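**Q** Let me begin by handing over the structure; questions about it come next.
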Amino acid sequence: MSDALVIIDIQNDYFPGGAMELAGAEAAGRVAGEVLARFRLARLPVVHVRHDNIRAGSTFFLPGTKGAEIHPLVAAQAGEPVVTKHFPNSFRDTGLLEILHGFSATRLTICGMMTHMCIDTGVRAAFDLGFACRLVADACATRELSFGGRTVAAADVQAAYLAALGAVFAQVAPAAELELS
């Protein structure tokens, strides 16, 4: 099995002071940075995905802003591809699939932000495209949501999405349990 790491949307706007701060972004970013270091040390392929929000009325990840830049905890190094997307699905209208095929990747290790949006969409798309997926639970972050007059705490959103993804689409585990081949 050929492994690749895909880091999705760990961008400045999700961190404290950003336009769309997430619960636990700093902790998740640090863990993602540790996972990234392990992949680099093992000389395994890494792909960074960043979102430029071009939808009318968008308030974060605006193209050309500091908030849209990849956070320094997981910044790309020379030779590591950076894919820019405009939709929650990292594969939609991007070259991500071709890059992964170029690496002969069959198993993806995924981490990033927001768990309930771009991580959920990206993991499901990767699974549908035939990849075995591993989701690093403590290298992801989300935020509270509201529905029907009820606020759902970020920790509950995180748990619900990780549980759903772990049921079918990915092996979900903390970074400490991640083994590289």
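**Q** Tell me which residues, restricted to region 155-170, are loosely packed, with under 15 Cβ neighbours inside 10 Å and more than 20 Å from Leu22 (Cα to Cα).
**A** If the condition is that a residue be loosely packed, with under 15 Cβ neighbours inside 10 Å and more than 20 Å from Leu22 (Cα to Cα), then Ala167, Val168 are the ones that fit.
**Q** Residues that are closer than 20 Å to Leu22 by Cα and not polar (S, T, N, Q): list the strands (runs of 3 or more DSSP E) wholly contained in region 62-154 that include at least 2 such residues.
**A** 107-113, 132-141, 145-147, 150-152
**Q** For region 132-181, which residues satisfy the criterion of being charged (D, E, K, R) and in contact (Cβ under 8 Å) with a residue 24 or more places away in the chain?
**A** Within region 132-181, Arg134, Asp138, Arg143, Glu144 meet the criteria.
**Q** Yes or no: Gly67 more than 14 Å from the chain's Cα centre (by Cα), surrounded by 17 or more Cβ atoms within 10 Å (Cβ to Cβ) and more than 18 Å from Ser181 (Cα to Cα)?
**A** yes
**Q** Name the residue, out of Met113, Met117, that is at pLDDT 95 or above and under 17 Å from Gly33 (Cα atoms).
**A** Met113
**Q** Report, ordered by the first and then the second residue, all pairs with beta carbons closer than 7 Å, sequence separation of six or more or different chains, a first member in region 3-17 that is of a type in the set (Ser, Thr, Tyr), and a second member that is part of a helix (DSSP H, G or I) and at pLDDT below 95.
**A** none
**Q** Please work out if Glu26 is acidic (Asp, Glu) and touching a helix residue (DSSP H, G or I) at 6+ places or on another chain (Cβ under 7 Å).
**A** no
**Q** Could you please let me know if Val74 is surrounded by 16 or more Cβ atoms within 10 Å (Cβ to Cβ) and of a type in the set (Val, Ile, Thr)?
**A** yes
The values are calculated or read from the model by the stated rules, or taken from the named source; none is laboratory data. Predicted model only: the values in this text are computed from it and were never measured. Every residue, glycine among them, receives a Cβ derived from its backbone with ideal geometry; neighbour counts consider all protein chains shown.
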